[in-house]
Each structure stands twice: as C-alpha cells, then as structure tokens.
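We did not get these values from a lab; they are worked out from the coordinates using the rules stated. All of these numbers come straight from a predicted model, not from anything done at the bench. When we count neighbours, we look across all protein chains shown, and the Cβ atoms used for this are built from the backbone with ideal geometry, even at glycine.
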Amino acid sequence: MPGFDLDTTIFGSISGALPRTVQKSKIAIELFWSDSAVSRVDKMYEIVPSPPSYKKGLMDFMQVSIEEGWSEATATLRSGAADILQID
C-alpha cells in the first residue's frame, strides 16, 4: 500500500527489518471489491425490509425498565454476596 507507515500504528515499536516487514505485509493491504460483488451487496440491501414503526413512549418505557432491572439485579447480587461472605 503506497504511503503506509508502520510507525503510525500500534505496531510502530516493532524493531528489526524482518518482523517489521512481516507485520507490514499483514496490515498494509488495500481492500478491493469487484463491481459484481458491490452489485450483489447493493441488491441484497434493496430487499431488506424497513424497520417497524414504534412509539417513543414504548421505547422510553423499555429503556427505563432495562435500567431498573439491571440496578435491581446488581443490588440483589451484592446483597447475596454479602450474605455468602457474611459482610454487613
């Protein structure tokens, strides 16, 4: 890949010509999609149905219920752990 600089990645600290070359060969690649592959994916997305409509109030209720459920579950786990470990 023209212009690829291994030093600008998390692998920049690798030293030695061979390890750097090997790592660069693994991550310095150019992705390519053929026109036919792009066309197939486009056609598949065309047949994906639209998401169902929903009422904001229902989504808000579900979000609050989930958050309260997690809070309750966490409290239950903590109290259960305290009982098991005999912690006050």
Under a plain spin-label model, where a point goes 7 Å from the Cα along Cα-to-Cβ, how far apart in nm are THR74 and VAL22? 4.4
Go through PRO52, THR8, PHE32 and say which Cα lies farthest out towards the positive end of the charge dipole of the chain; charges sit on Cβ, +1 for Lys and Arg, -1 for Asp and Glu. PHE32
Test of understanding: given the chain, find the longest segment containing no chymotrypsin sites (Phe, Trp or Tyr not before Pro) that are in a DSSP loop and have at most 13 other Cβ atoms within 10 Å. 55-88
Rg and Dmax of the chain, Cα atoms only, in Å: 26.3, 66
Label point distance in nm, VAL64-SER13, each placed 7 Å from Cα along Cα→Cβ: 4.8
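Where in the chain are the helices, taken as whole DSSP H runs, whose Cα atoms extend 20 angstrom or more along the long axis and whose Kyte-Doolittle mean reaches at least 0.0? It would help to have the intermediate numbers written out before the result.
Numbers: long enough: 56-85 (43 Å, 0.10).
Passing helices, by number: 56-85.
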